[in-house]
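The values are calculated or read from the model by the stated rules, or taken from the named source; none is laboratory data. Since this is a predicted model, take the numbers as computed values, not measurements. Reconstructed Cβ throughout: ideal geometry from the backbone, glycine too, with neighbour counts over all protein chains shown.
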Amino acid sequence: MRITHGLLLAASAVPALATSPPTVDLGYATYQGYLSSYGLNTWKSIRYAAPPVGKRRWQAPVPPLQNNTQITLAVDQPPVCPQSGAAGTPYVYGFNSGPGDEDCLYLNLYAPPNATNLPVLLWIHGGGYALFGAEYDPSPMINTNNNGFITVEIQYRLGAFGFLSSDEVKEHGQTNAGLLDQRFALEWVQEHIAKFGGIPHASPSAASRRGLVGLTRQIIAASAYSPPSYKYNDGVPEQHYRRFAELVGCGAESLDGRFASTFDCLVAAPSAQLQNASGTVSTSGLFGTFGFLPVVDGEFLQERPSLQLSQGRVSGKRILVGNNANDGVPLTNPNVVTRAAFNAYINTTFPLFTAADVAALNTIYQTSTTSPTDNGPRYDTLGTTPPTALNQSEMATGLQQTVLNIFAETTFDCPAKWLAEAFSQPHTALEAWKYQYSVTPAYHGADLNAYFTADEPAWPDAGFSTAFQRMWGQFIMADSPVIPFGVATAGYRNATVPRNGSWLDWPRYERGFPVQMDLNTTGGYLVHETVTTNLSYWVREGEGIVNTFRLVDAEKWEEGRGDRCDFWRAVGARVPQ
């Protein structure tokens, strides 16, 4: 096992000996997998698209070449795509640039033996469109749900390789290449999943929020990441393009007539130079930001996400959407300890804001009454009574917590709310369920410990993880996250869980009834863990941990999150978001 992103990630299950390894003929290639120790047929490194190298850089993905003269072993993890880190974050956080392989458009697939007409969970990994890969083992979650679904995990181009943008890229190649990869993988599932025992309509769980039009029936959006969304040739993406080209040696002054354009020079450049330049640009911005992100190009992405969601323009039938209680950690500047530093943070993070925007922000976040350096005890809020996340959490207090909350609400919490609203439009058949993952420490990504449990992480406890995995499973298999009451309580009589007969009481999210499920635990004992001087938190361990689930008003949550989300939607063009 290994540590990355501050999380314990599951190592691959050791292949078990099998007399007849599972083999699938895809037409263009035949892959032989293995029966894992979890009793699942497992294939790793199935190629779903041709290598995007050479002249295929910054172009739409195409099918793999025919190569079916021999069986290809599919037992090893695929190489990760080139990794481009986040600016300013400590190395221990795991958001670091690193070498990868441009030939990385592979997927891993996990299926019960003798699977027939099973639904499919398609996992699109997170990482700021810059990091990570198909590194998680979903086998325990499949087992927990009685082997009732298949899981496909995909990789897609990251950093500059997936999201380089400018007028030149638009003219000679494709913007949003990484999103085109995601859609191409969904099309692969539609074409080939029946050969593994699945039904074509996948149910994707995606940290990535875009590009699934017409290819999915339902969506799980776990802390869906919604960073600033610029037009493809706005100043920011154009500036990153020029800086990237200069670092590679393809700036306008360096062409010397060898290439017709900067773009042609980049296409011909050595991969190592491109990877280094992508990492350098990505880590040169504000704390916690990534240099290369999806852009509004008028083709694949038609509008800013907040605007598109406000118009109810979504694909699919239903959504299970959630955010974490402390999603502002660890990608937010942890050094805002004075009012001057707070003002500077707002001005640099939102440079397009007018003076009226800044004044409105300070009013709605109540900054005039918030102490810059409140050194009182840190603890998570209840969400329904003071103190609130405006200035209090287990991660920080005072204006530092205000900054954490602003980042969380602009990037994760409000987009989650907007998604739930978009899927609960009146006079439609759309459906939405919303939750908040509040189990300490509940920082961004901490929920991965609850559904990828192959290495039995110390937290959260097994009772919570089982209930959470069953919610996902029920949504995938039965179109609703509502689970049996006994599963929700994990059999503990002192668990606190809303009940509707023999089932968990979890109504759909509606605009007139904006109810969300707060998922938490209590009991056991708290252990304090320190990652850096700026990041420490508590985890709950030991005996006696029980689930504490509550139905709460998402509009009134944390002293009016609904109003703050309305503010961010109103200023969305100047975020841009």
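The table below gives the values:
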item: Residues of segment 481-498 classified as over 19 Å from Gly523 (Cα atoms) and in contact (Cβ under 8 Å) with a residue 60 or more places away in the chain, total; result: 1
item: The one condition in (1) in a loop (DSSP other than H, G, I, E, B); (2) on the phi < 0 side of the Ramachandran plot that Thr530 fails to fulfil; result: (1)
item: Whichever residue in segment 360-375 is more than 30 Å from the chain's Cα centre (by Cα) and surrounded by 11 or more Cβ atoms within 10 Å (Cβ to Cβ) and, among such residues, is modelled with the highest pLDDT; result: Thr363
item: Condition check for Leu8: at pLDDT 95 or above, in the same structural domain as Pro63 (by TED's automatic domain parsing) and part of a strand (DSSP E or B); result: no
item: Any chance Thr30 is within 24 Å of Asn114 (Cα to Cα), assigned by TED's automatic domain parsing to the domain that holds Ala130 and touching a Gly at 6+ places or on another chain (Cβ under 6 Å); result: no
item: Helices (runs of 4 or more DSSP H) within segment 214-314 that include 2 or more residues of a type in the set (Ser, Thr, Tyr) and out of contact with any strand residue (DSSP E or B) (no Cβ under 8 Å at 6 or more places or on another chain); result: 271-282, 305-310
item: Residues that are of a type in the set (Val, Ile, Thr), closer than 18 Å to Ala49 by Cα and part of a loop (DSSP other than H, G, I, E, B), drawn from segment 70-87; result: Val80
item: Filtered residues of segment 394-428 (kept if in contact with a strand residue (DSSP E or B) (Cβ under 6 Å, 6 or more places away or on another chain) and among the hydroxyl-bearing types (Ser, Thr, Tyr)); result: Ser424
item: Test: Thr338 is over 21 Å from the mean Cα position of the chain (by Cα), more than 23 Å from Asp234 (Cα to Cα), of a type outside the set (A, V, I, L, M, F, W, C) and in the same structural domain as Ala570 (by TED's automatic domain parsing); result: yes
item: Conditions (1) surrounded by fewer than 22 Cβ atoms within 10 Å (Cβ to Cβ); (2) within 29 Å of Pro507 (Cβ to Cβ); (3) of a type outside the set (Gly, Ala, Ser); (4) out of contact with any Ser or Thr (no Cβ under 7 Å at 6 or more places or on another chain): number failed by Val321; result: (1)
item: Single match in Gly512, Gly524 (criterion: free of Cβ contacts under 8 Å to residues at least 40 places away in the same chain and assigned by TED's automatic domain parsing to the domain that holds Ala450); result: Gly512
item: Flag if Gln59 is in contact (Cβ under 8 Å) with a residue 60 or more places away in the chain and under 30 Å from Gln32 (Cβ atoms); result: no
item: Residues (exposed (fewer than 15 other Cβ atoms within 10 Å of the Cβ) and under 29 Å from the mean Cα position of the chain (by Cα)) located in segment 346-355; result: Asn347, Thr348, Pro351, Leu352
item: Single condition Ala356 does not satisfy, out of (1) in contact (Cβ under 8 Å) with a residue 40 or more places away in the chain; (2) closer than 27 Å to Val575 by Cβ; (3) not hydroxyl-bearing (Ser, Thr, Tyr); result: (1)
item: Residue in segment 426-435 that is under 17 Å from the mean Cα position of the chain (by Cα) and under 30 Å from Phe567 (Cβ atoms) present; result: yes
item: Residue among Ala269, Ala260, Ala277 that is surrounded by fewer than 20 Cβ atoms within 10 Å (Cβ to Cβ), in contact (Cβ under 8 Å) with a residue 12 or more places away in the chain, hydrophobic (A, V, I, L, M, F, W, C) and out of contact with any Ser or Thr (no Cβ under 8 Å at 6 or more places or on another chain); result: Ala269
item: Of the criteria (1) among the polar types (S, T, N, Q); (2) closer than 24 Å to Tyr136 by Cβ; (3) at pLDDT 90 or above, which one Asn233 fails; result: (2)
item: Residues of segment 446-478 that turn out to be in contact with a strand residue (DSSP E or B) (Cβ under 8 Å, 6 or more places away or on another chain), crowded, with 21+ Cβ neighbours inside 10 Å and assigned to a loop (DSSP other than H, G, I, E, B), as a count; result: 6
item: Extreme residue, surrounded by the fewest Cβ atoms within 10 Å (Cβ to Cβ), among residues of segment 60-87 that are small (Gly, Ala, Ser) and farther than 30 Å from Pro334 by Cα; result: Ala60
item: Residue within segment 333-345 that is closer than 28 Å to Gly126 by Cα, of a type outside the set (A, V, I, L, M), touching a Gly at 6+ places or on another chain (Cβ under 9 Å) and surrounded by 15 or more Cβ atoms within 10 Å (Cβ to Cβ) present; result: yes
item: Some residue of segment 39-53 being at pLDDT below 95 and either in the same structural domain as Ala185 (by TED's automatic domain parsing) or assigned to a strand (DSSP E or B) (or both); result: no
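Results for (1) of a type in the set (A, V, I, L, M); (2) over 20 Å from Ala454 (Cβ atoms); (3) in contact (Cβ under 8 Å) with a residue 24 or more places away in the chain, shown as yes or no for each residue.
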site: Ser37; (1), (2), (3): no, no, yes
site: Lys44; (1), (2), (3): no, no, yes
site: Ala50; (1), (2), (3): yes, yes, yes
site: Pro79; (1), (2), (3): no, yes, yes
site: Val92; (1), (2), (3): yes, yes, yes
site: Phe95; (1), (2), (3): no, yes, yes
site: Leu121; (1), (2), (3): yes, no, yes
